[in-house]
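Colleague: The structure's right below; bear with me while I get my questions together.
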Amino acid sequence: MRTLYKPLFEVKLLHEFYLTDRTGNNVFDLSAQADRLDFLFQKYESFAEEINNDLSYEVPESCQDMLKNYGLKLLPSYSGLKVLIEVKLKKLGSGVSTYEPIQKLEDDLHIPILIKRRTSRFDSISNQKVERNIKSTYLFSNDSSLSGSRNFPYLHTEVANHDAAIEYEQGELAKFGPNDIRAFYVDTANNKQWLSKAGKSFANENDRLLCGTNFSYSFVNANNISKADFILKDHLGNIIQELHFKASNPFANVHLAFDPKLLKMLPEEKISNELVYQLEVSGTSSFAKSHKVVFYSDMQELSSSIGVIFIKVKGNISGYKLFDASGKLITRKNQFNVTDPAAPVFEINISSKASFWRYINNRNRALQNGLYSDLLQTIDAVLIAKEPRPLTAKTTLFRLPDSSLFYLPNPTGTQEIHIENKKIYSDIMVPESDLFPLAP
């Protein structure tokens, strides 16, 4: 019998950096998934640069036999990946073609996929916190047991509601209401501001759960920490391990090493809330924090990845089905040989790093004061955008108050990014010209 493979599911990584057009509109402006996929197809047809230039996808080494045993294949696709499964064709009396797996997949089986760095660019162009206590890695899933609720088609959790007690970083996201996600920044007058973001959901700090058994803990924005206690608890609140540190001089960070024999870890363990641990931290000066962590057994795999996808055959959230009630694939062909419905397409939305664009004369001379005052302000002889702007692969135009578009040079790379007083800047060196005259 001829070997037949059909898509089991597909994952699209939608990154604002690659998927923004010249006017500043991006894929997240489109509310329907069909429209977003059409946007991607148009990019594909135009040979546009894509996120797979910077990322690749692999099954963890410990799970590769599992992939073969169940007749699964992992393939890259434009702006993401797809998993195929070996099936046999079953035709219904109506003429509809259905597909039944050769090897039955158990309901609690999960398919792990590493999102590996091919280059260092992803971290430079992506919106993420600069200062974190734990340098944890993204965990994306169609099951809420590990990281909380989400809505189809997204594999990341919901952005957290705005909390006035939190000190946000530039670009950090918060939800202010249904379909109202905003990004934080402090303007040049040091006033706290929020910019609205197109899109319903994005990868965020709630998804950063994965850690190895050894990692460094940083005491961000905390001084004079000379004594620190770490208590690791399981999902029931039982103490698994304690670590204690004391020094004569304050330390900025400490190295934690947990005993792997005491832990349940991915990717080998079945997905359940037993994998979720609570790390409670206390220290001098009333320092106290609590972190949800999920452990991963191979630290080398984790360190070379920006995240790991875990697709459970039967997740606990409605809308993420891979199979119908009879065990056949969701995807099928109708009597007219048209695929309807197609295999499910899951999404991971990633916002770009946003920076204040700062125009500096390339001979360090003063630029004319008051240029393009609707868009820029002059500070110390340089021109600075009034609001942070997302980094994009292609040139984007500024939008004037009358909605007309206006060109000013864009950053040409991530090497111009600087962080000063908790503000992110992109420095753009410009020569004297009609566009950028010098001060008289």
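The values are calculated or read from the model by the stated rules, or taken from the named source; none is laboratory data. Fair warning: this is a prediction, and the values are worked out from it, not measured in the lab. Counting neighbours? That spans all protein chains shown, and the Cβs are built from the backbone with ideal geometry, glycine included.
Colleague: Please go through the stretch 270-295 and pick out each residue that is touching a strand residue (DSSP E or B) at 6+ places or on another chain (Cβ under 9 Å), outside any strand (DSSP E or B) and over 28 Å from GLY315 (Cα atoms). Reasoning before the result, please.
Modeller: Quick first cut of the stretch 270-295, residues touching a strand residue (DSSP E or B) at 6+ places or on another chain (Cβ under 9 Å) only: 270-271, 275-284, 287-295.
Restricting the remaining residues to those that are outside any strand (DSSP E or B) gives 270-271, 275, 284.
Result: THR284, single match.
Colleague: Working only within the stretch 390-414, note down all residues that are of a type in the set (S, T, N, Q) and either assigned by TED's automatic domain parsing to the domain that holds ILE51 or surrounded by fewer than 19 Cβ atoms within 10 Å (Cβ to Cβ) (or both). Spell out how you get there, then give the answer.
Modeller: First pass over the stretch 390-414, keeping only residues of a type in the set (S, T, N, Q): 392, 395-396, 403-404, 410, 412, 414.
Answer for the stretch 390-414, where residues must be of a type in the set (S, T, N, Q) and either assigned by TED's automatic domain parsing to the domain that holds ILE51 or surrounded by fewer than 19 Cβ atoms within 10 Å (Cβ to Cβ) (or both): THR395, SER403, SER404, ASN410, THR412, THR414.
Colleague: Within the stretch 74-93, how many residues are without any contact (Cβ under 8 Å) to a residue 24 or more places away in the chain, in a strand (DSSP E or B) and of a type outside the set (A, V, I, L, M)?
Modeller: Applying the first criterion (without any contact (Cβ under 8 Å) to a residue 24 or more places away in the chain) to the stretch 74-93 yields 75, 91-93.
Still in the running and in a strand (DSSP E or B): 75, 91.
Then drop every residue that is not of a type outside the set (A, V, I, L, M), which leaves 91.
Selection size over the stretch 74-93: 1.
Colleague: Let me ask something else. Tell me, which residue of the stretch 348-384 that is in a strand (DSSP E or B) and among the hydroxyl-bearing types (Ser, Thr, Tyr) is farthest from the chain's Cα centre (by Cα)?
Modeller: The first filter runs over the stretch 348-384 and keeps only residues in a strand (DSSP E or B), leaving 348-350, 352, 354-361, 367, 376-379, 382-384.
With the extra rule that they be among the hydroxyl-bearing types (Ser, Thr, Tyr), the set shrinks to 352, 355, 359, 378.
Values: SER352: 10, SER355: 18, TYR359: 29, THR378: 34 Å.
Here the answer is THR378.
Colleague: Let me ask you something else. Considering (1) in contact (Cβ under 8 Å) with a residue 60 or more places away in the chain; (2) out of contact with any Cys (no Cβ under 8 Å at 6 or more places or on another chain), say which one ALA165 fails and leave the rest.
Modeller: (1)
Colleague: Let me ask you something else. Can you tell me which of TYR296, TYR277 is in contact with a Gly (Cβ under 9 Å, 6 or more places away or on another chain), more than 17 Å from ALA343 (Cα to Cα) and either in contact (Cβ under 8 Å) with a residue 12 or more places away in the chain or not basic (Lys, Arg) (or both)? Give the steps one after another, and end with the answer.
Modeller: Details: TYR277 fails: in contact with a Gly (Cβ under 9 Å, 6 or more places away or on another chain).
Of the residues listed, the single one that is in contact with a Gly (Cβ under 9 Å, 6 or more places away or on another chain), more than 17 Å from ALA343 (Cα to Cα) and either in contact (Cβ under 8 Å) with a residue 12 or more places away in the chain or not basic (Lys, Arg) (or both) is TYR296.
Colleague: Of all residues in the stretch 25-47, how many are small (Gly, Ala, Ser) and in contact (Cβ under 8 Å) with a residue 60 or more places away in the chain? Walk me through how you get there before you give the answer.
Modeller: Narrowing the stretch 25-47 to residues small (Gly, Ala, Ser): 31-32, 34, 46.
With the extra rule that they be in contact (Cβ under 8 Å) with a residue 60 or more places away in the chain, the set shrinks to 31.
So the answer is 1.
Colleague: Out of the stretch 415-440, which residues are surrounded by fewer than 16 Cβ atoms within 10 Å (Cβ to Cβ), under 19 Å from SER124 (Cα atoms) and in contact (Cβ under 8 Å) with a residue 24 or more places away in the chain? Reasoning before the result, please.
Modeller: Going through the stretch 415-440, the residues surrounded by fewer than 16 Cβ atoms within 10 Å (Cβ to Cβ) turn out to be 415, 418-422, 429, 431-435, 437-440.
If we keep only those that are under 19 Å from SER124 (Cα atoms) as well, we get 415, 418-422.
Hits for the stretch 415-440 are ILE419, LYS422.
Colleague: Give me a count of the residues in the stretch 233-269 that are assigned to a strand (DSSP E or B) and either more than 16 Å from SER282 (Cβ to Cβ) or touching a residue at least 60 places away in the same chain (Cβ under 8 Å) (or both).
Modeller: Of the residues in the stretch 233-269, 4 are assigned to a strand (DSSP E or B) and either more than 16 Å from SER282 (Cβ to Cβ) or touching a residue at least 60 places away in the same chain (Cβ under 8 Å) (or both).
Colleague: Related question: Quick check on the stretch 108-148: of everything there that is assigned to a loop (DSSP other than H, G, I, E, B) and acidic (Asp, Glu), which residue is nearest to ILE311 (Cα to Cα)? Quick ask: steps written out before the conclusion?
Modeller: Step one: filter the stretch 108-148 for residues assigned to a loop (DSSP other than H, G, I, E, B), giving 108-109, 118-120, 127-133, 135-136, 142-148.
Those left that are additionally acidic (Asp, Glu): 108, 131, 143.
Working: ASP108: 10, GLU131: 29, ASP143: 8 Å.
Selected residue: ASP143.
Colleague: Another question, if that's okay. Residue by residue through the stretch 1-54, note down the ones that are part of a loop (DSSP other than H, G, I, E, B) and of a type in the set (S, T, N, Q). Walk me through how you get there before you give the answer.
Modeller: Quick first cut of the stretch 1-54, residues part of a loop (DSSP other than H, G, I, E, B) only: 1-3, 16-19, 21-25, 30-32, 46-50, 54.
Residues satisfying the conditions are THR3, THR23, ASN25, SER31, SER46.
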